[in-house]
1. Specify the inter-centroid distance of the stretch 25-84 and the stretch 128-176, based on alpha-carbon positions, in whole Å.
2. Quick one: dipole size for the chain, taken about the Cα centre, charges +1 on Lys/Arg Cβ and -1 on Asp/Glu Cβ, in debye to the nearest 20.
3. Per residue of the stretch 116-125, what does 6.51 cos²θ - 1.76 cosθ + 1.60 with θ = phi - 60° give for ³J(HN,Hα)? Whole Hz please, x for Gly and Pro, Karplus curve as stated.
4. Kindly rank 116-127, 143-154, 61-72 from highest to lowest mean number of other beta carbons found within 10 Å of each residue.
5. From the backbone phi of the stretch 69-85, what are the Karplus-calculated ³J(HN,Hα) couplings (6.51 cos²θ - 1.76 cosθ + 1.60, θ = phi - 60°) in whole Hz, Gly and Pro given as x?
6. In a Gaussian network model over the chain where Cα atoms closer than 10 Å are linked, find which of R50, R23, R138 has the largest mean-square fluctuation.
7. Between V154 and R50, how high is the FRET efficiency from 1/(1 + (r/R0)^6) when r is the Cβ-Cβ distance and R₀ = 30 Å? Nearest 0.05.
8. Taking H placed 1.01 Å from N in the peptide plane, check which residues at least 5 places from T56 or on another chain put their amide H under 5 Å from its amide H.
Amino acid sequence: MPRDWDAYYRADPGAREPAFVVRAYEFLIPEGGVLDLAGGDGRNAFFLARRGRRVTLLDKSPVAVSRVREVAWRDGTAVRALQIDLEENPPVLPPGPFAGVVVSYFVSRPLVARLEALLVAGGLVLIEGFNRCEALRRGRPGSPYYWDSGELTVPPRGLELVAAGEGWQGAACRSWAVWRRAGL
Ligand SMILES: C[S@@+](CC[C@H](N)C(=O)[O-])C[C@H]1O[C@@H](n2cnc3c(N)ncnc32)[C@H](O)[C@@H]1O
C-alpha cells in the first residue's frame with residue numbers, strides 16, 4: 001500500500017488489540033501453523049502465538065520485521081518473521097501448507113486468489129480490512145485498497161464461506177470473513 005510503513009513503525013504505534021476476526025475465530029483454525037500475510041508488527045501473530053500457534057509473519061517493512069524478531073526472541077514466542085514483498089509478481093511464499101492464514105488490513109486481490117494453495121484441507125483464512133464506505137468517509141472513493149461491499153462474502157476458488165460481516169466497528173467501516181479450504 002502506498003504509505004511509508006517503516007516511518008509508521010519507527011514512530012511506534014504501540015500495543016494494539018488483534019483484529020476482530022482473529023479474536024473471534026482463532027478457535028476454529030485446525031491444529032497447525034499459521035501464516036500472517038503483511039502482519040506488520042505482529043498484533044495478530046503474537047495473539048495467536050500466545051494461544052499455542054506457531055506463526056510465520058511476512059511483511060515488506062524491515063522495521064516491522066526486526067521489531068517482531070526482537071519481541072519474539074525476548075519473549076520466547078513462536079513467531080518467525082520474514083521480510084517479503086507480497087506485491088512481487090508472483091511473491092515467493094513459504095511452502096506451507098498452513099492450518100490458517102491471516103490477511104488483516106492488507107488488500108491484494110492477486111494474493112487472495114492464491115490462498116487455497118497455502119492451506120491444508122479444512123484450513124481457514126481469517127480476513128479483515130476497511131470497507132468501501134470507509135474509503136468514502138476518507139475521501140478516496142476509487143482507491144483499490146478497500147474491500148467492496150459484499151466482496152469478502154465471495155471466497156476465491158477452492159475456498160468456502162464460513163462467516164462474514166461488514167459495517168461500522170469503532171470509528172471505521174470494516175469487512176471481515178472466514179473462509180475454509182474444502183476437503184474435510
Ligand atoms: C495496515 S498495516 C496491517 C498490519 C497488520 N496486518 C495488522 O493488521 O496490524 C499494512 C501492512 O502491510 C505491509 N505491506 C505493505 N505493502 C506490502 C507488500 N508489498 N508486501 C508485504 N507487506 C506489505 C506494511 O508494511 C504494513 O505492515
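What follows is calculated from the coordinates using simple rules that are stated; it is not laboratory data. Note that the coordinates shown come from a computational prediction; the quantities given were computed from them, not determined experimentally. Heads up, the Cβs are rebuilt from the backbone with ideal geometry, glycines too, and the neighbour counts pull from every protein chain shown.
1. 23 Å
2. 200 debye
3. Running phi through 6.51 cos²θ - 1.76 cosθ + 1.60 with θ = phi - 60° gives 3, 5, 8, 10, 6, 4, x, x, 10, 9 Hz.
4. So the peptides 116-127, 143-154, 61-72, ranked by packing, come out 116-127, 61-72, 143-154.
5. Rounded to whole hertz, the list is 4, 4, 5, 5, 5, 4, 9, x, 9, 7, 10, 9, 10, 10, 8, 9, 8.
6. Comparing R50, R23, R138 in a Gaussian network model of the chain, the most mobile one is R138.
7. On the way: r = 32 Å, r/R0 = 1.08.
The calculated FRET efficiency here is 0.40.
8. The list, which skips near neighbours in sequence, is V34, L35, D36, R80.
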